[in-house]
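Working notes, structure below.
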Amino acid sequence: MVCVPLRHVRIAALAALVCASAPALAETPRDMLIHAAFSEHSVPAALARIDSAQTLAAGTLRRVPGDKEAALVAAMAFGYRAKLTGSRTGAIAARRQFEQLVAQDPRDPERQLALGAWHTGAIFKLGRLMARAVLGAQKGEALTAIDRAVALSAGRASVTGLAALLRLELDPADAKGRALAETTARLNASTPLDQIMKRAAVAVLVPVHAGDTDATGKLAARLLPFGALDGAN
């Protein structure tokens, strides 16, 4: 029989108790948006997560009005809700929020990308002329914001990958979109969104390299946030 000192037993028991009682790491508002955009299977479920993220971000902003992360998440949640519900007034209000965020910090790549994505999403859904007439969306502004985001991103896969998909969604033969996808496929992916975008870049390069522009455009759209969600487009 092996005798174990009582103090070791107590330490082991205490460690087990702590591990058993420790709560799981809570989802951040950003995590909620990522899950809604890429993992949910229905519009109602996605909207529920979006609303939870927006509520938490709004609470943070009430406590810390200058919190940059909370401001971005709140604006993105607002924009996502407008996208999924098809609200014209919501979409226009979201554009203004993104424009304000960019004006406050034009060197933030995520703010630039969010603005560019708003424009490309509207153009893809309504067409270039209708999107400009109804929502004020413009391709030139979209590409300018996307290019600024990439230049400011210091090689983050989440930014270059999204930029590649946005460009290829609008123009499946876009040379810069192809180059960004190839760059993203070679980058390190340290965050969940980086990993999602790296996988997306690798996937979209298959039809790109095959010269299949129809498949490229469809796959790029499907790989973007809510692209695989029934009833979202």
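Listing for the model above:
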| read-out | value |
| --- | --- |
| Flag if residue 153 is more than 19 Å from residue 119 (Cα to Cα) and at pLDDT below 95 | no |
| Filter result for residue 17 (modelled with pLDDT under 95, more than 20 Å from residue 158 (Cβ to Cβ) and out of contact with any strand residue (DSSP E or B) (no Cβ under 7 Å at 6 or more places or on another chain)) | yes |
| Filtered residues of the range 148-198 (kept if farther than 25 Å from residue 138 by Cα and not in a helix (DSSP H, G or I)) | 154, 155, 156, 187, 188, 189, 190, 191 |
| Residue match in the range 112-127 (condition: open to solvent by 40 Å² or more (accessible area, probe 1.4 Å), among the aliphatic types (A, V, I, L, M), outside any loop (DSSP other than H, G, I, E, B) and modelled with pLDDT under 95) | yes |
| Residue list for the range 67-85, restricted to those being open to solvent by 50 Å² or more (accessible area, probe 1.4 Å) and either farther than 27 Å from residue 107 by Cβ or of a type in the set (Val, Ile, Thr) (or both) | 81, 85 |
| When residues of the range 197-214 are limited to those that are in contact (Cβ under 8 Å) with a residue 40 or more places away in the chain and touching a helix residue (DSSP H, G or I) at 6+ places or on another chain (Cβ under 6 Å), the one farthest from residue 36 (Cα to Cα) | 208 |
| Residues being in a helix (DSSP H, G or I), acidic (Asp, Glu) and open to solvent by less than 60 Å² (accessible area, probe 1.4 Å) - total across the range 86-106 | 0 |
| Residue tally, condition surrounded by fewer than 21 Cβ atoms within 10 Å (Cβ to Cβ) and either assigned to a helix (DSSP H, G or I) or at pLDDT below 95 (or both), over the range 199-220 | 13 |
| Qualifying positions in the range 93-112 - among the aliphatic types (A, V, I, L, M) and either touching a Leu at 6+ places or on another chain (Cβ under 6 Å) or without any contact (Cβ under 8 Å) to a residue 24 or more places away in the chain (or both) | 93, 102, 103 |
| Set 45, 137, 133, 75: member being touching a residue at least 24 places away in the same chain (Cβ under 8 Å) and part of a helix (DSSP H, G or I) | 75 |
| Any chance residue 64 is of a type in the set (Val, Ile, Thr), at pLDDT below 95 and either more than 21 Å from residue 121 (Cβ to Cβ) or open to solvent by less than 40 Å² (accessible area, probe 1.4 Å) (or both) | no |
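The values are calculated or read from the model by the stated rules, or taken from the named source; none is laboratory data. Here the structure is a predicted model, which means the values were calculated and not measured. With ideal geometry, Cβ positions are generated from the backbone for all residues, glycine too; neighbour counts draw on all protein chains shown. What goes into the accessible areas is simple: the full protein's heavy atoms, side chains included, and nothing from ligands, DNA or RNA. Shrake-Rupley method; radii C 1.70, N 1.55, O 1.52, S 1.80 Å.
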